[in-house]
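The values are calculated or read from the model by the stated rules, or taken from the named source; none is laboratory data. Source: prediction; values computed, not measured. Positions of Cβ are backbone-derived with ideal geometry, glycine not excepted, and every protein chain shown enters the neighbour counts.
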Amino acid sequence: MATYLVTGGAGFIGSHLCDSLQASGHRVINVDSFEGTYDYRLKVRHVRPDFPLDEDKPAVLSALQETVAGSLYRLEIADIRDAAALERIFRSEPIDAVIHLAALPGVRASMEQPLLFEEVNVRGTVTLLEAMRQAGVRKWLCASSSSVYGNNAKVPFAETDAVDTPISLYAATKKSCELLGYTYHHLYGIDGMMLRFFTVYGERQRPDLAIRKFAGMIGRGMPLPFFGDGSTQRDYTYIADIVNGIHQALYYVEQHESVYEVLNLGNSRTVSLRRMVETLERALGKPALLDKLPPQPGDMTKTYANIDKAKRLIGYEPRTDFEEGIRQFVAWYTKEG
């Protein structure tokens, strides 16, 4: 049994990963601030679906932290910018590796709060790396994003492509984290992989992301904000495939020395905005009303992952096609959303 610290472990990807690590017999320390761009109560449900939410936020979180403690799971409500809190956590028990998922997400939100995004995503990552360095933890994974590719004319996007022209502040913070990972590897021997996730979707997806947002609006008969002509494309990657990829990357980093790699984790197939809406319509059994709007500043026209390196290096192989993933999401959303 290994002990893994997961930052952002109450979020969409993080909660699935924490569940999977525990199911594999490992101990998880979930470090999450329960702050961010959406209602903290959704994150509480990710940690414990039946937890009562009839008190104020501090009382709920305090009770949650005490209630969920067990042999394979520990919840630490802390901010990655809080150096003293991280130092206490790292000193409290031996940690084998870190999976760093915590960040403020969102291209548009980053344009509205650039200083906050820099502080959380970049400075928070430095604070975490410093805590790792001081505690002697030398293995980690870091969540990056397909957004670092910007409007790269060459597709599919490969890890060897230049990523020096991010078109959003969010993308710039993720590129910064990749660079920090290399610096701490070079200076202090911290082995890691920077995982570029491509448009992850599925059960527990954030409410601000298009698939979940659109599902709710279709169900309520509300017009969807439909930016551009519907031809923009995304490499949608189902949550179970991403979690499997994280497991495989973690195993690789643990089994090898002197590792610094950047890896695409995508589905390597593109889906247009138009097709995404049509697939949701079929799965929900309801038509969508479209509010057609101009393209959004900072939005990429296409994301498309070349996953050859991930296949070769860690044996990554996504297995869920888009229609099946949407069916599974809608089944969950109809019951829980």
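Summary of values
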quantity	calculated
Lys335 being within 27 Å of His185 (Cβ to Cβ), without any contact (Cβ under 8 Å) to a residue 24 or more places away in the chain and not in a strand (DSSP E or B)	no
Search result, residues across the range 13-46 that are within 16 Å of Leu195 (Cβ to Cβ) and touching a Leu at 6+ places or on another chain (Cβ under 8 Å)	Ile13, Gly14, Leu17
Residue list for the range 202-243, restricted to those being under 23 Å from Asp321 (Cβ atoms), small (Gly, Ala, Ser) and assigned to a helix (DSSP H, G or I)	Ala210, Ala215, Ala240
Matching residues, the range 76-94, being surrounded by fewer than 21 Cβ atoms within 10 Å (Cβ to Cβ), of a type in the set (Val, Ile, Thr) and either modelled with pLDDT under 95 or not in a strand (DSSP E or B) (or both)	Ile89
Matching entry among Leu116, Leu129 (being aliphatic (A, V, I, L, M), modelled with pLDDT of 95 or more and surrounded by 20 or more Cβ atoms within 10 Å (Cβ to Cβ))	Leu129
Single residue of the range 1-57 satisfying the filter (outside any loop (DSSP other than H, G, I, E, B) and of a type in the set (Ser, Thr, Tyr)) that is nearest to Arg204 (Cα to Cα)	Ser15
Asn264 being under 26 Å from Asp19 (Cβ atoms), within 22 Å of the chain's Cα centre (by Cα), modelled with pLDDT of 95 or more and not in a helix (DSSP H, G or I)	yes
For Gln113: the one exception among (1) within 19 Å of the chain's Cα centre (by Cα); (2) closer than 25 Å to Gln205 by Cβ	(1)
Residues of the range 281-308 satisfying the condition of being of a type in the set (A, V, I, L, M), under 20 Å from Asp235 (Cα atoms) and out of contact with any helix residue (DSSP H, G or I) (no Cβ under 6 Å at 6 or more places or on another chain)	Met300, Ala305, Ile307
